Structures are given as C-alpha cells and as structure tokens.
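Quick notes on the structure that follows.
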Amino acid sequence: MSVAEANKTSIKGGEFLIKETAASQIFIPEEFTEEQRMIADTCRDFLSKEIWPRLDEIDHATSPELISGLMDKAGELGLLGTAVPEEYGGFGMNFNTSMLVAEATGAGNSFSVALSAHTGIGTLPILYYGNEEQKSKYLPKLASGEWKAAYCLTEPDSGSDANSGKTKAILTEDSKHYVINGQKMWITNGGFADILIVFAKVEENGLADKNLSAFIIEKSFGGVTMNEPEHKMGIKGSDTRQIFFNDCLVPAENMLSEQGNGFKIAVNILNIGRIKLAAAALGGAKRVAKQAINYANERKQFGTAISNFGAIKHKIAEMAVGMFVTESAAYRVGQNIDDLISSYQAKGLSDAESKLKALEELAIECAIMKVHGSEVLDYVVDEGVQIYGGMGYSADAPMDRAYRDSRINRIFEGTNEINRLLVVDMLLKRAMKGQLNLMGPATAVGKEILSIPDFNMDEDETLFAAEKKVIKNLKKAALMVAGAAVQKFMMKLSEEQEIIMNLADMVIEIYAAESVLLRVEKRVELLGADANALQKDIAQIYLNRAVEKVNQAGRSAITSFAESDELRVMLMGLKRFTKIEPMNLKDARRRIADEIISKNDYIF
C-alpha cells in the first residue's frame, strides 16, 4: 500500500482540525468517470422531461398518485436502486456515486424530497440493519419502485429529542407479533408508502425500554391510519402526513436489528441523510443560479442588462463561490467514506458493517456539510429572488417555489442548530475518549499565544503556501477557543449553547475553506495554473471570508467567558491567528461573474 493509500484509509473523523491534509489525499469532482457523469446526466434528463414541466401540477396535486407515478418512472430508470447491491436488484454504486445522483436529482423540488426519502431513510435501514431474509424480501421491491418507503421517527412531542418518542410496541403472549400503538408526524411519502420504518419503545410489564427499537411495517398489516396531507410553506408536492398506529400487529421477525438498537439506527441513518442533503442542496442551488444568471442577462434597466451592474455581479460571484465550496467539501467527505468502507472490508467486515462504521467515523463531517450545504442553498435562492426583483416575489416566476422549498433543508435531518451542537459535542467526546488528540494541540496553542510571534519573513514559494499557513492558523484559533472553553466550563460546557455554536461556526468554516483550497491545488496539478485562475479566485475569496467568520465567531465566544488578562491574551491570540494578506476581492468577484455572465450559465 502506498503512503497516499495508507493516509486515505487511516482517516479519522474530525482529525482535519489537527492534521494537515495533502491535496493528493482528497477526491475532487473533476475525477468522476465518464460512466458516473452519464448516470448524473440520466438523472438530469429525467428531471427535464418528467419533473420540471409539471412542477405546478405536482405542487397542486390533490392525491399522492402523481408523485407515486413519477416514482414508478424513476424506478424504471434505476434511480431508486443506486445504493442497493446488485444481488437485491440495484446497481451497487459506491457512496460518492450515490452522492452525485443525490446532487443531480436535488433540483427536483418536491419530487427530490420524495425520492431521497425513499432511497435514503426509507430503504437504507433495511439495507444496513436488515437480516438476509428482510433484505431479500424488501430490497428488490424498493429498488424497482414496486413498493415505496417512508421513515417514521418524529412525534408531536419528540423532534430533535428523537429518543423520547412515546410510540409503544408490546409483544403478544405467543411472542409472534408486536402490537404497536402511537402517532408519528411529518412523515414524507406517508400517503403512498407501502413500507414504513417505524421507531417505537418495547414495553414489558408496563415499563418501556429506555431506547427505541425499529420495525419494518407493511401498511397492509392493518391498524395504520393517517390524516390528510399537511399544508406546508414549501415542498407542497411532497406528501407529508401524520400517521397513527392503532393495535397494528407486526410479525416479530420484522424488528430491525436488536431490541433497543433503534436509536442507533436512527442516528446512523441520519448521518447518511445529512451528507446526501448537502449534495441535493447543491443540485438545487445550481438550478436556481442558472435561472438567476439567465434572468440577469435578459432583464434590461437603464438601457443595459442588469448583469452589467457591479451589485449584480457581486451576487452572481458569491453564489458561485458558495456552490463551488460546498461541492469541494461534500465530495471530499463522500470519497473519505468510500475509502474507509474499502478499508473496513479489507479487514473482514461485511459490506453493511463497513458502511455503517465509515459513516459513524465521519459523522462530524456529515453534520458540517448538512449545515454548509443547506445554508449555501438558502443564500443562493435569497439572492435569486433579489436578482429577479419584483418578479422574484411573483408566484408566476421560478424563485417563489425555490425560495419556499429551500427553507426546509435547515430543519430536515436534524436542525442546523442541532447539527452545530453535534459537531462540537462529537469532537469533544472523541477527545475525552482518546480517539482524537485535541487537547495536546490545544495546549500547544495556549503556550504559543504567550510566546513571541515568529517574524520570520522567509517566503515559501510552493503552491498555496501562504493560504495553507492561514488555514493552519485558523485551526489554532479554533483549538485555542475550544481548549479555554473546556477548561472554563468542564462538563457544563453543554449548557453554553451560544459558545458551542460559535465553535461550530469556526470548525465549519475551516473545513470548507481547506476543502476548496485542496481542490484547486489538485486541479492545478492536473490541469495547470492557467486553467484554474478563476478557481483560485474562488478559493481565495472564500478563505478571506472564512478568516472574517472565524474571527467574529471566536471573538463572540471569547467575550462570553473570558475576563481580565485571559480576555486580553485570548483576543490577542485570535488576532494573530486570523490574519490574511489583503487582496482586491471586488476584482476577483468580477472576474468570476464576467465569465459566468458571458457563458450565461454556472460554469464550474
């Protein structure tokens, strides 16, 4: 095994914060094969022919039959079985290819929600946790679309605190069935799903388990009723319902995994949903950006296209920067997952075990990308409305639907607040368990801020040397603040959510800025500097932004708990670690925007 291969398979979640990553170690979208690109084109063609012409019809459908029928057509093309192994009727694609499919179908508005709920949280619990009998029975029909799936976790009093659900499962006296009673809400695909992945607490002698268990319920079992579809702000064509279980009799063999393992199933499946949502949000953002660019070139004011105005160019360039960065980081994570899966398989773990272990290891990065991707999409659609101006506010123009549909993504798969809390919580827990050496580097940074700064002016002329030094210092800033906060609050840090949010923002910006820089470095190695002038602009614009955000978040955190000399020293250290050489960001944005405008498309 080469050094590069060894590095790929030794990846640890969260380790990017204390370890420098080489560009050769990451995957970039430019490396997708022709076959993978053709798969993505098939998805886009499907949206173009079957979904986009019917968006109004989908949003105003009075029954779930329309979406269900479109799902059938997607199944005929194989779009429902991309992650399902060939022995169960799927295509057995690797994780990063399934990410590409999620991106390509992510521009399908309500339909993409139905598709991702079926192929992700609806199908994957059986794929990863089902026994052979369960897989053989359900996966072929789910992969073909003959049966549709839904995921039933949330309850009226159980949202972010999923393990507090009250749905109960009681084993019958003959031990052949569980009787399930309870209520679930916000169930995507609820109106037409044949298979429900339902989470409930097994109750014995009047006492319920502490943790959830998971069950595969066929709607045909009986005892399953539902309300009419919910009226929602957006994704109006997505069939979302409350579902009630009234003495629903479920065969005992339909429990997934083991009793009490449901919460772990839910958490691990949500890890997949989070990183896939980042890819889907990227697909949605690219479509909105293209529409906004086209409109800016068509709309004339003061005798010229509005795309010629600097304020519009700024918006177009910032859209491009956000999307390029999300893409860089999302596929970096996707390939890391694939590399870890291969590593675990080589050690003798089964395919399902390898995937679960890889996703669990990179849960931090999955949470980071869920936040970043959904917030970039929100930015893009918001600026899309602004570029359209008055027409952006009209329900007859495309920005209305895009704006409303995008908002759910900051709530789906765990709110962005929950995901921010998780990023920091997982980092600190791994550090306390000795799985991630955060405290050593944090202690070293604490000593460094008390030492005399290094004024060595020797220039390193290797590619992006200056930018990499900035990234390294941003990591020091995050470690400094995190280390001081842990020392100050110890086990009570979890009660300081504002500080945790600040820390999460620092970590997210560092990961995103490093990812885009590594992508551009690798592109330069593959394609040369001249072909990457605009990509370099993007990386540097984002790095400047990351420096500002890390400084702002760090300052907010420090002033929340430090006082007197400690406050002054930490602010001094933050200032030292958030320095960057000034550059003309306006001209860099204009270079990016001018090329996009001339091509009348998002070109990256």
ask   = How many nm separate the modelled label positions at residue 576 and residue 435, each set 7 Å beyond the Cα in the direction of the Cβ?
value = 3.3
Where N is the number of residues in the stretch 432-599, Cα Rg divided by 2.2 N^0.38 Å = 1.16
ask   = Just going by the charge dipole of the chain, with Lys and Arg at +1 and Asp and Glu at -1 on Cβ, which of 570, 418, 48 is farthest out on the positive end?
value = 570
task = Rank 171, 202, 154 by how far each Cα sits towards the positive end of the charge dipole of the stretch 151-259 (+1 on Lys, Arg Cβ; -1 on Asp, Glu Cβ) and give me just the farthest.
result = 154
note = Here the FRET efficiency for residue 301 versus residue 73, based on Cβ atoms and R0 = 30 Å and rounded to 0.05, is 0.10
task = With a/c under 1.5 counting as rounded, go ahead and sort the stretch 12-54 into rounded, prolate or oblate using the C-alpha gyration tensor (a ≥ b ≥ c being the square roots of the eigenvalues; past the cut-off, prolate if a/b is larger than b/c, else oblate).
result = prolate
remark   = With a ≥ b ≥ c from the Cα gyration tensor eigenvalues, square-rooted, and the rule rounded for a/c under 1.5, otherwise prolate when a/b > b/c and oblate otherwise, the chain is oblate
request  = Sequence neighbours fewer than 8 away in the same chain don't count; with that in mind, list the lysines whose C-alpha is under 20 Å from residue 201.
outcome  = 166, 168, 176, 184, 210, 219, 264
Separation of alpha-carbon centers, the stretch 206-247 and the stretch 140-189, rounded to whole Å = 6
query = Where does the stretch 150-216 land on Rg/Rh, using Cα atoms and the Kirkwood Rh?
reply = 0.98
ask   = Can you list residues whose amide H is under 5 Å from residue 171's amide H, if they're 5+ apart or on another chain and H is modeled 1.01 Å from N?
value = 179, 203
note = Sorted on mean Cβ neighbours within 10 Å (highest first), peptides 355-366, 65-76 come out as 355-366, 65-76
query = Can you list the residues, at least 5 places off or on another chain, whose amide H is less than 5 Å from the amide H of residue 239, using H built in the peptide plane?
reply = 189
key: Euclidean distance between Cα centres, the stretch 508-557 to the stretch 68-126, Å   = 32
ask   = Pairs of lysine in the stretch 34-148 with Cα under 20 Å and at least 8 positions apart or on different chains: total?
value = 5
ask   = Per the Kirkwood definition applied to all pairs of different Cα atoms, how many angstroms is the hydrodynamic radius of the stretch 263-418?
value = 16.9
note = Expected unfolding gain across residue 346-residue 548 under the 0.36 nm per residue rule, minus the alpha-carbon gap, is 68.4 nm
key: Residues residue 294 and residue 210, FRET efficiency given R0 of 41 Å [Cβ-Cβ distance, rounded to 0.05]   = 0.15
ask   = Suppose every K and R has +1 on its Cβ and every D and E has -1 on its Cβ; what is the size of the dipole of the chain about the Cα centre, in Debye to the nearest 20?
value = 1220
key: Contour minus Cα-Cα distance for residue 450 and residue 490 (0.36 nm per residue)   = 12.1 nm
message = At 222 nm, what value in deg cm²/dmol follows for the chain if DSSP H runs of at least 4 each add -39500 (n - 2.57) and the sum is divided by all its residues, to the nearest 500?
response = -18500 deg cm²/dmol
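Read-outs: derived from the displayed coordinates by stated rules, not from any lab. What you are looking at is a predicted structure, and each value in this text was computed from that prediction instead of being measured. All Cβ positions, glycine included, derive from the backbone under ideal geometry; neighbour counts span all protein chains shown.
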